[in-house]
Amino acid sequence: MKKLTSRIDKERLLLGVAAPLLAIVTALVVTALVILATGKNPGAAFSDMLTYGSASDSQVYILNKATTYYLAGVAVAIGFRMNLFNIGVDGQYRLAAFVAAVLGGALTVPGWIAIPLIILCAMATGALWAAIAGILKVTRGVSEVISTIMLNSIATAIIAYLLQPGKLAELQSGGTVVSTDPLPKSSYFFTIDTGAAGVLWGFIVVAVLVGIAYWFVLGRTRFGFDLRTVGQSESAATASGVSVKKMVATSMIISGAVAGLIGMPTLLNDSHQFSNDFPSGIGFTGIAIALLGRNNPVGIALGALLWGFLERTTNHLEFEGYDKEILGVIQGVIVLCVVIAYELVRRYGLKRQQQRVGAELAAQAAAPTQKQEVA
């Protein structure tokens, strides 16, 4: 029995690793074909990516980017574990960052008070914005996909209206950038100076803590068990006494709260203000990273690092004469391959499980017959 259990565990582990590896290898092959079609050498391109990506300054850049991408992936994964598609992460984090920036620019308290207030404000804003979609789903049956898409547009409109001179923003001296009041230096989050490699954002520590909390709550608590049960079977969850509507609303709120953290590395460690060039689209990147990481905290971290690596190295390829669209091709192909690879691996795993169950049943049926023959 122990040998059988060990073998099954190994197979599950191999299947879990096979899907992302298959997706990445397939994406590299497709990308190589695309580069060949443009008349370039894919081997030289990949070699340049590895060389440039392994440089110390690139590693710091990748870690900083991965911090933001990891938070986005976790925010999306919380919804995925509940079988919810929270497309609204993008609007939730941008609105949260804007409100937090306005608050941070107006605060005059010491930094050890201001920084927690800014972070809590961002989380509360993201949670409240996501709660709208959760309430609409449990009370009116509105699909979270439709409601969050609409809420993304509304969030964009609200920010565009308030981010104007004379309202909650001001025109910078250059005359092209409109931004909120800058945060006082006491409200800057700590950074790690790595010397010539650059500055590592201290918010990476918060991202790690979020990942640990995500793993513990969903995998080691009753709440996490109920959440996963509702995501797998609402009828089974209801039969066990779990309130499905409550879990749906709670999951959306938690997902929104984590989404509120996505803009904090940029706000507290980099720009220190919200402007019309504040990063956007990270919420949609989080969807791809959550898929690539299979909603696992470690997998999401690896996906975030991969995304940061691709962004850093493919931007460099443009200066080497390669087409700038290579990044979009690689990322798009990876996402497509991930979906296909996971489905193929899932079907193979299901087939293997059916074969094992059939073999065990056949062995059990043959055992009494052999005993009778001996008797």
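Nothing in this text is a laboratory measurement; each read-out follows from the coordinates by a stated rule. Everything numeric here is computed off the predicted structure, so don't read it as measured data. Glycine gets a Cβ as well: all are built from the backbone with ideal geometry, and neighbour counts include every protein chain shown.
Here are the numbers for the structure shown:
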{"quantity": "Angle in degrees between helix 111-140 and the longest Cα principal axis of the chain, rounded to the nearest 10", "calculated": "50"}
{"quantity": "Helix 222-232 axis, angle to the chain major axis (alpha carbon atoms, nearest 10°)", "calculated": "70"}
{"quantity": "Reference-scaled alpha-carbon Rg (2.2 N^0.38 Å with N residues) for the chain", "calculated": "1.16"}
{"quantity": "Low-density loop positions, chymotrypsin sites (Phe, Trp or Tyr not before Pro), segment 187-248 - DSSP coil, at most 15 other Cβ in 10 Å", "calculated": "PHE190"}
{"quantity": "HN-Hα J in Hz across segment 173-183 - Karplus 6.51, -1.76, 1.60, θ = phi - 60°, x for Gly and Pro", "calculated": "4, x, x, 10, 10, 10, 8, 6, 4, x, 5"}
{"quantity": "Diffusion constant of segment 226-360 at 10 °C, which comes from Stokes-Einstein with the Kirkwood Cα-pair radius and 1.306 mPa s, µm²/s", "calculated": "86"}
{"quantity": "Nearest 10 degrees, 0 to 90: helix 2-37 Cα axis against the chain principal axis", "calculated": "50"}
{"quantity": "Cα gyration tensor of segment 81-148 - equivalent ellipsoid semi-axes, whole Å, descending", "calculated": "30, 10, 9"}
{"quantity": "Amide H within-cut-off set for PHE274, under 5 Å, with H built and near neighbours excluded", "calculated": "THR180"}
{"quantity": "Inter-probe distance in nm under a simple model that places probes 7 Å from Cα toward Cβ, at ARG222 and PHE284", "calculated": "4.2"}
{"quantity": "Debye, to nearest 20: dipole size of segment 71-208, +1 on Lys, Arg Cβ, -1 on Asp, Glu Cβ", "calculated": "320"}
{"quantity": "Proximal charge balance of TYR188 [Cβ under 15 Å; K/R count +1, D/E count -1]", "calculated": "-2"}
{"quantity": "Rg to Rh quotient for segment 39-104, alpha carbon positions, Kirkwood Rh", "calculated": "1.18"}
{"quantity": "Cα lying deepest toward the dipole's positive end in the chain, options TYR342, ILE154, VAL210, charges on Cβ", "calculated": "TYR342"}
{"quantity": "Point-charge dipole on Cβ atoms (K/R +1, D/E -1) for the chain, about Cα centre, debye to 20", "calculated": "1660"}
{"quantity": "Unit charges on C-beta of K, R, D, E only; dipole of segment 295-359, Debye", "calculated": "720"}
{"quantity": "Loop-located GluC sites (Glu not before Pro) in segment 297-371 whose Cβ has at most 15 other Cβ within 10 Å (DSSP)", "calculated": "GLU320, GLU325"}
